[in-house]
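Heads up: the structure comes next, in structure tokens.
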Amino acid sequence: MGGPCFAAYLPFRTLLYASRIYSSTLSKPTLICTVLTRYPVSCPDAQPTEAEKEVWDQVNVVLKDARGILDDLQSYKGAGEAIREAIQHPNDENLQEKAWGAVVPLVGKLKKFYEFSLRLEAALHGLLGALTSTRYTPTQHLEREQALAKQFAEILHFTLRFDELKMTNPAIQNDFSYYRRTLNRMRINNVPAEGENEVNNELANRMSLFYAEATPMLKTLSDATTKFVSENKNLPIENTTDCLSTMASVCKVMLETPEYRSRFASEETASFCLRVMVGVIILYDYVHPVGAFAKGSKIDMRGCIKVLRDQPRNSVEGLLNALRYTTKHLNDESTSKNIKAMLQ
């Protein structure tokens, strides 16, 4: 995608150790002082080691297309005007054909977005398998396999950005709904439908479920992470949750520490870190038995929410909404009133 690494321009190993003050294994905040000056700045363009290369290559093929997907979604204008004209003049065949001709190529784009979500799901499965294996601790994985950690961060960044764009574009669901209604009417009237070759009924049903979600890509990743954990019962769940909580803490430390934040090349880097932080919080909330908001969570939720609230409101409202509406455990009784109030 060409986005900044979530450890870009920063002493990554330092951040990993600093972030662990929220882990149950470390309780002395003074440890931060001993690590802040120990390690060199990591390369923002982390290259895969030989051990990482097979997974990295597979994921890189997917990520190369991510920028194009976002560009296509950002430029998606919809066929609203043509659809309105067709609905208002149901007996005008020219207007019906014009609306159908406008919608069919757009549904082709929506199909491409949906199929990309399946590729992203497979890429995430490969990354989780590599980053949670038992040969290293979660912190060691993120330290030694920075190229894979960067790809994981890029997937999360893409996911949150895709969903932000989708949530603010009602034309997507309007176009697809019109396409399905028209296709059904054509079938009933035995009219050949050119667009049916593009999206058959079974695929249309799956796409409909996908786009009905407020945050479809995030739902795909959450389900994929949950599935990964359930399919790998021999793998301690902590391997996955500790990886996620460590990444959340690294992002939080980078964003809230002036010394680190001042090294960001641009505000794009800050946006990248914010999206990654929110993404891993949501995945953690889905796979951890008690979620991210419970007292025993290894994610400092108060700190993470404060970091979000300290940003310009219009730049993080979508991320705050993701925490409000797409997490699993926010409304549990075990979630403190203080955290709930912070998200109101």
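Restricting segment 299-331 to residues that are more than 21 Å from residue 220 (Cα to Cα) and touching a Phe, Trp or Tyr at 6+ places or on another chain (Cβ under 7 Å), which is most open to solvent (accessible area, probe 1.4 Å)?
This residue is 300.
Give me the pairs, please: first residue somewhere in segment 307-318 and without any contact (Cβ under 8 Å) to a residue 60 or more places away in the chain, second residue anywhere and in a helix (DSSP H, G or I) and open to solvent by 80 Å² or more (accessible area, probe 1.4 Å), beta-carbon distance under 8 Å, and either six or more positions apart or on two chains.
Final answer for the pair search is 307/256; 310/256; 316/309.
Condition first: aromatic (Phe, Trp, Tyr) and modelled with pLDDT of 90 or more. Now tell me which residues in segment 263-284 satisfy that.
272, 284
Is it the case, given these coordinates, that residue 297 is polar (S, T, N, Q) and in contact with a Ser or Thr (Cβ under 9 Å, 6 or more places away or on another chain)?
So residue 297 passes the test.
Has segment 256-263 got any residue that is more than 19 Å from the chain's Cα centre (by Cα) and surrounded by 19 or more Cβ atoms within 10 Å (Cβ to Cβ)?
Among the residues of segment 256-263, at least one is more than 19 Å from the chain's Cα centre (by Cα) and surrounded by 19 or more Cβ atoms within 10 Å (Cβ to Cβ), which makes the answer yes.
So if I check each of 290, 229, which one is surrounded by fewer than 22 Cβ atoms within 10 Å (Cβ to Cβ), closer than 22 Å to residue 145 by Cα and free of Cβ contacts under 8 Å to residues at least 60 places away in the same chain?
229
Working only within segment 158-179, note down all residues that are small (Gly, Ala, Ser) and in contact with a helix residue (DSSP H, G or I) (Cβ under 6 Å, 6 or more places away or on another chain).
The one that is small (Gly, Ala, Ser) and in contact with a helix residue (DSSP H, G or I) (Cβ under 6 Å, 6 or more places away or on another chain): 171.
So which residues in segment 75-85 are touching a helix residue (DSSP H, G or I) at 6+ places or on another chain (Cβ under 6 Å) and touching a residue at least 40 places away in the same chain (Cβ under 8 Å), if there are any at all?
Those that are touching a helix residue (DSSP H, G or I) at 6+ places or on another chain (Cβ under 6 Å) and touching a residue at least 40 places away in the same chain (Cβ under 8 Å): 78, 79, 80, 83.
Hey, does segment 298-312 have a residue that's within 22 Å of residue 229 (Cα to Cα) and touching a helix residue (DSSP H, G or I) at 6+ places or on another chain (Cβ under 9 Å)?
Looking through segment 298-312, at least one residue is within 22 Å of residue 229 (Cα to Cα) and touching a helix residue (DSSP H, G or I) at 6+ places or on another chain (Cβ under 9 Å).
What's the number of the condition residue 296 fails, among (1) farther than 14 Å from residue 128 by Cα; (2) surrounded by 16 or more Cβ atoms within 10 Å (Cβ to Cβ)?
The one condition residue 296 does not meet is (2).
Go through segment 202-238 and give me each residue that's within 11 Å of residue 287 (Cα to Cα) and more than 14 Å from the chain's Cα centre (by Cα).
226, 227, 228, 229, 230, 237, 238
For segment 132-140, indicate whether the set of residues that are out of contact with any Asp or Glu (no Cβ under 9 Å at 6 or more places or on another chain), more than 25 Å from residue 318 (Cα to Cα) and modelled with pLDDT of 95 or more is non-empty.
Scanning segment 132-140, I find no residue that is out of contact with any Asp or Glu (no Cβ under 9 Å at 6 or more places or on another chain), more than 25 Å from residue 318 (Cα to Cα) and modelled with pLDDT of 95 or more, so the answer is no.
Taking the condition of being open to solvent by 30 Å² or more (accessible area, probe 1.4 Å) and either assigned to a helix (DSSP H, G or I) or within 15 Å of residue 77 (Cα to Cα) (or both), how many residues in segment 88-105 meet it?
10
What do you reckon, is residue 274 surrounded by 15 or more Cβ atoms within 10 Å (Cβ to Cβ) and under 20 Å from residue 123 (Cα atoms)?
Considered against the rule, which asks whether it is surrounded by 15 or more Cβ atoms within 10 Å (Cβ to Cβ) and under 20 Å from residue 123 (Cα atoms), residue 274 comes out as no.
The values are calculated or read from the model by the stated rules, or taken from the named source; none is laboratory data. Computed from a predicted model, the values in this text were never measured in an experiment. Ideal geometry is used to build each Cβ from the backbone, glycine not excepted, and the neighbour counts take in all protein chains shown. Just the protein is used for accessible areas: all its heavy atoms, side chains included, with ligands, DNA and RNA removed. Shrake-Rupley method; radii C 1.70, N 1.55, O 1.52, S 1.80 Å.
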